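Notes for the one structure printed next.
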Amino acid sequence: MKKTKVFVAGIHFVGMQNFISECTHELEFEFIPESALEYRIHECDVLIPAMSKIDANLIEKARNLKLIHQWGAGLDGVDIESASKKGIYVANVPTANTGNAESVAEWAIMSAIALSRGFPNIQNNVYNAVGWGCPVGTSLIGKKALIVGFGGIGRSIATRLKPFGVHIYAIKQNIDANLALQYRLDAIDKLSKLEQYLEIVDYVFLALPLNDSTRELINSQNIFKIKKGAFLINPSRGAIVEKKALIDALNKNHLGGVALDVFWKEPPEKEEFFDMKNVIVTPHIAGVTDVSYKAIAFYVCENIKRVSEGKKPLNCVNC
């Protein structure tokens, strides 16, 4: 029996192979460097974009491709319109109730606490036997946090923040007053009101997808409206923040600290702020945990099976 050929676009996120192999032995699974994808995309039945750009040119060269399935939620790099024209399904994995949103939220809370307490630089006090009992950390108790984007990830962050005694504000494009009650929010408001909340909060969590309306949402016009000394935490997409504006705000000591799990290019070039004492960077692993990967692998395998049987995939964005 012919195996379904699954290509992963790029050579990163290699941990997914171990998890998808637990689901089925009927797949031929291969990581393809982005530079070779153009010449080999015609071979595969299923394509996992990872963080690679799947544009109209690539899709046009795909002869056997039946399904483009993201390993997670973000599809900002996929030309969905071109895929639809060729009859190729495009699907992703919902963030809520799969362990993905919960895992990203754990990373966000970890980052907030680490920045507040001075990690990673604080360890140097121990290594160098200096500054014992210093610095005085910032506690989450009584502070104010803004969650920009209140889908699965934003709600998971709110759920985990509340026990720390944080006042929580949320920005959501389509306001649902019931969410304020359910998640015990101090307020929920539209994106147009973003700046008035930036001025009063101590933590800004970005938890929204990248699209035309969110690209460089945090920019040179509003980054200095963020309360001085506040912390910016981004596990979403790098381009939601204007790079130059972020560097400027860090160099001028306007922000108390920044945590980034995502970048403008991945893997990124070495940025000038990587060595700053109030910056935490991680290699796009906020949602990479045993729990999330098991759920994602199950979802991907189920949809590969459905498409091979002539059925529409679950969570299809162009069906």
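The values are calculated or read from the model by the stated rules, or taken from the named source; none is laboratory data. Here the structure is a predicted model, which means the values were calculated and not measured. With ideal geometry, Cβ positions are generated from the backbone for all residues, glycine too; neighbour counts draw on all protein chains shown.
Scan the stretch 292-315 and tell me whether some residue there is in a strand (DSSP E or B) and not assigned by TED's automatic domain parsing to the domain that holds LYS85. No: the stretch 292-315 contains no residue that is in a strand (DSSP E or B) and not assigned by TED's automatic domain parsing to the domain that holds LYS85. Every condition in (1) β-branched (Val, Ile, Thr); (2) more than 30 Å from PHE19 (Cβ to Cβ); (3) in contact with a strand residue (DSSP E or B) (Cβ under 8 Å, 6 or more places away or on another chain) is met by ILE247 except one, and the failing one is (3). Scanning the stretch 156-186 for residues that are among the small types (Gly, Ala, Ser), loosely packed, with under 14 Cβ neighbours inside 10 Å and modelled with pLDDT of 95 or more returns a single hit, GLY165.
Scanning the stretch 1-37 for residues that are modelled with pLDDT of 80 or more, in contact with a Ser or Thr (Cβ under 9 Å, 6 or more places away or on another chain) and hydroxyl-bearing (Ser, Thr, Tyr) returns a single hit, THR4.
So which of GLY77, GLY87 ends up being surrounded by fewer than 24 Cβ atoms within 10 Å (Cβ to Cβ), of a type outside the set (Val, Ile, Thr) and on the phi > 0 side of the Ramachandran plot? Step through it out loud before you land on a result.
On the way: GLY77 fails: on the phi > 0 side of the Ramachandran plot.
Every option except GLY87 fails the conditions.
Scanning the stretch 139-175 for residues that are of a type in the set (D, E, K, R) and out of contact with any helix residue (DSSP H, G or I) (no Cβ under 9 Å at 6 or more places or on another chain) returns a single hit, LYS162. Here the condition is being touching a strand residue (DSSP E or B) at 6+ places or on another chain (Cβ under 9 Å), assigned to a strand (DSSP E or B), over 19 Å from LYS243 (Cβ atoms) and not polar (S, T, N, Q); of ALA170, ALA180, it holds for ALA170 alone. If you go through the stretch 220-233 and keep only what is in a loop (DSSP other than H, G, I, E, B) and either acidic (Asp, Glu) or closer than 19 Å to ALA145 by Cα (or both), you end up with ASN222, ILE226, LYS227, LYS228, GLY229, ALA230.
A search for C-beta distances below 6 Å between a residue of the stretch 57-75 that is under 21 Å from TYR39 (Cα atoms) and any residue that is part of a loop (DSSP other than H, G, I, E, B) and among the small types (Gly, Ala, Ser), counting only pairs 6+ apart in sequence or on different chains, returns nothing. Counting only strands (runs of 3 or more DSSP E) that fall entirely inside the stretch 1-100 and contain at least 3 residues that are of a type in the set (A, V, I, L, M, F, W, C), the qualifying elements are 4-9, 27-32, 46-48.
Residues in the stretch 234-252 include none that are in a loop (DSSP other than H, G, I, E, B), modelled with pLDDT of 95 or more, surrounded by fewer than 21 Cβ atoms within 10 Å (Cβ to Cβ) and touching a helix residue (DSSP H, G or I) at 6+ places or on another chain (Cβ under 7 Å). I need the full set of residues from the stretch 70-82 which are touching a helix residue (DSSP H, G or I) at 6+ places or on another chain (Cβ under 8 Å) and modelled with pLDDT under 90, in order please. The answer is GLY72, ALA73. Residues in the stretch 53-69 that are over 17 Å from TYR89 (Cβ atoms) and either out of contact with any helix residue (DSSP H, G or I) (no Cβ under 7 Å at 6 or more places or on another chain) or buried (at least 21 other Cβ atoms within 10 Å of the Cβ) (or both): LYS53, ASP55, ASN57. When the stretch 119-137 is filtered for residues that are free of Cβ contacts under 8 Å to residues at least 24 places away in the same chain and surrounded by 10 or more Cβ atoms within 10 Å (Cβ to Cβ), the ones remaining, listed by number, are ILE122, GLN123, ASN124, ASN125, VAL126, GLY131, CYS134, PRO135, GLY137.
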